[in-house]
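Worksheet for the structure shown next.
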Amino acid sequence: LRASVGPVAAAYAVSAIGLNLQFGYTGLLNFGHVGFMLVGAYGMAITVDLGGSLWLGILIGILASVVLGLILGVPTLRLRADYLALVTISAAEMLRLIVRSSWADPLTSSVFGIQQFAGAFFDLNPFDPGSTYGVGDFAFRGRQLWVMVVAWSIVGLGVLFTALLIKSPWGRIIRAIREDEDAVRSLGKNVFNYKLQALMIGGALGGIGGMMLAIEQQNVFPNAFLPRVTFFLYVMVILGGAGTILGPVLGAILFQFLFFFFDGVMVEAQAAGWFGDAIDATDAAQVKLMLVGIGLMALMAFRPQGILGNREEMLVGD
């Protein structure tokens with residue numbers, strides 16, 4: 001339960017809100033959303049590591065995410081949807097390999113990552129870091145509580161921002177693009193520009209999610225941005241309901257709950273010797289992912305539109 005409302009869940013929720021804007025509302029198949037998280041986190045951390053302030057680093061991280069959306073969108077968004085999917089997943093993995101390479105070590109510290117760069121954020125902590133707040137399973141140390149308060153406040157702002165966007169004329173156009181972009185084009189709207197804007201705005205939200213994750217961990221390293229993170233985010237969006245305001249947030253909470261619930265079950269079962277010598281601790285972690293997958297498959301079988309969604313919102317225009 002703690003993990004489902006923790007700062008990591010909030011960071012993923014913000015990133016999922018950005019992906020939902022791209023996929024759920026506009027119909028863009030961005031399979032490299034983790035790349036936006038990466039450039040946001042590294043943009044912030046490198047800025048601080050080079051002597052800049054954390055607040056300047058946050059601005060640079062957001063700007064880097066927007067620029068990445070521009071670079072990826074300009075050559076691909078006039079083509080079929082699968083070209084964007086191929087370009088984004090490739091770009092995200094290329095970026096990860098670049099930041100972990102030896103020649104990038106002076107800037108990125110390669111595989112070890114950049115650490116202890118968010119001191120200015122924790123200096124603002126109004127809670128006593130040594131004290132515990134809450135009761136029972138919902139007790140948190142002051143440091144973690146401060147991150148949670150800020151992170152979930154940003155989630156709230158992200159939800160409000162998305163609601164205002166989608167209810168605006170701009171939002172109605174991108175939803176129409178998802179359903180039938182040829183019809184939107186026939187009305188004289190520049191479909192390419194709207195798609196590019198959605199990719200950049202969603203990318204900025206992804207970058208913010210990456211920065212939140214990095215601040216909570218006080219560390220930014222390449223293996224935190226593996227390709228599977230993008231597909232975790234897709235699960236969150238679809239689980240909660242693609243094309244809904246609160247779907248990505250609910251999906252992030254439920255995904256984290258399922259992930260750590262099955263993790264706890266497998267760890268205890270393996271330690272109790274339920275599987276004998278057939279499964280060791282490493283295998284148990286893999287079985288955990290299988291159980292999460294089976295649970296999600298069952299949900300999709302009975303409610304493919306997600307918890308808050310409807311079938312029409314799941315349609316993506318060709």
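The values are calculated or read from the model by the stated rules, or taken from the named source; none is laboratory data. For clarity, every value in this text was computed on a predicted model and none was experimentally measured. As a convention, Cβ positions derive from the backbone with ideal geometry for all residues, glycine included, and neighbour counts pool all protein chains shown. The area values use the complete protein model at the heavy-atom level, side chains included, leaving out ligands, DNA and RNA. Shrake-Rupley method; radii C 1.70, N 1.55, O 1.52, S 1.80 Å.
Decide, for the range 193-267, between rounded, prolate and oblate: order the square roots of the alpha carbon gyration tensor eigenvalues as a ≥ b ≥ c, take rounded if a/c falls under 1.5, and otherwise choose prolate if a/b is larger than b/c, else oblate.
Working: a/c = 2.30, a/b = 1.29, b/c = 1.79.
It is oblate, given that a/c is not under 1.5 and a/b is not larger than b/c.
Which residues' amide hydrogens lie under 5 Å from the amide hydrogen of Arg141, considering only partners 5 or more residues apart or on another chain, with H built in the peptide plane?
Sorted by chain and number, the residues that satisfy this are Tyr133.
Only one of the listed values, (i) 34, 56, 10, 0; (ii) 31, 57, 11, 0; (iii) 24, 56, 20, 0, was derived from the coordinates as P(r) over Cα pairs in 20 Å bins from 0, in percent; which label is it?
Recomputing P(r) over Cα pairs in 20 Å bins from 0, in percent here gives the entry labelled (ii).
Could you calculate the FRET efficiency of Leu97 with Leu70 from 1/(1 + (r/R0)^6), where r is the beta carbon distance between them and R0 is 22 Å, rounded to 0.05? Display every interim value, and only then the final one.
Details: r = 22 Å, r/R0 = 0.98.
About 0.50, to the nearest 0.05.
Once you charge only the Cβ atoms, +1 for Lys and Arg and -1 for Asp and Glu, what is the size of the charge dipole of the chain about its Cα centre, to the nearest 20 debye?
Values: 18 positive and 20 negative charges, 170 e Å.
The calculation lands at about 820 debye.
Cross-link candidates for Lys167: which lysines have Cα within less than 21 Å, leaving aside residues fewer than 8 places away along the same chain?
Qualifying lysines at Cα under 21 Å: Lys189, Lys195.
How high is the FRET efficiency between Leu56 and Ser153 when r is their beta carbon distance and R₀ equals 22 Å, given to the nearest 0.05?
On the way: r = 21 Å, r/R0 = 0.96.
So the FRET efficiency works out to roughly 0.55.
In whole Å, largest first, what are the principal axis extents of the Cα atoms in the range 220-262?
Taking max minus min along each principal axis of the Cα atoms, the range 220-262 gives 31, 24, 15 Å.
Explain nothing, just compute: Karplus ³J(HN,Hα) = 6.51 cos²θ - 1.76 cosθ + 1.60, θ = phi - 60°, for every residue of the range 24-38 in order, whole Hz, x for Gly and Pro.
x, 9, 9, x, 8, 8, 8, 9, x, 4, 4, x, 5, 4, 5
When the Karplus curve 6.51 cos²θ - 1.76 cosθ + 1.60 is applied with θ = phi - 60°, which whole-Hz ³J(HN,Hα) does each residue of the range 219-233 get, with x for Gly and Pro?
Using θ = phi - 60°, the values come out as 7, 10, 9, x, 6, 7, 10, 6, x, 4, 4, 4, 6, 4, 5 Hz.
For the chain, which whole-number percentage of the solvent-accessible area (1.4 Å probe, protein heavy atoms only) is attributable to carbon and sulfur atoms? Can you show the working numbers first?
On the way: 9900 of 14710 Å².
Solvent-exposed carbon and sulfur of the chain make up 67 percent of the total.
Rounded, prolate or oblate: which one fits the range 74-162, using the alpha carbon gyration tensor with axes a ≥ b ≥ c (rounded when a/c is under 1.5, else prolate when a/b beats b/c, else oblate)? Write out the running numbers ahead of the final one.
On the way: a/c = 3.13, a/b = 1.61, b/c = 1.95.
The shape class here is oblate.
Multiplying the sequence separation of Ala183 and Ser168 by 0.36 nm and subtracting their Cα-Cα distance, what value in nm do you get?
Details: separation 15, 0.36 × 15 = 5.40 nm, distance 1.91 nm.
Computed gain between Ala183 and Ser168 is 3.5 nm.
Write down the accessible area per residue of the chain in Å², having rolled a 1.4 Å probe over the full set of protein chains.
Details: 14710 Å² over 318 residues.
Each residue of the chain exposes 46 Å² on average to a 1.4 Å probe.
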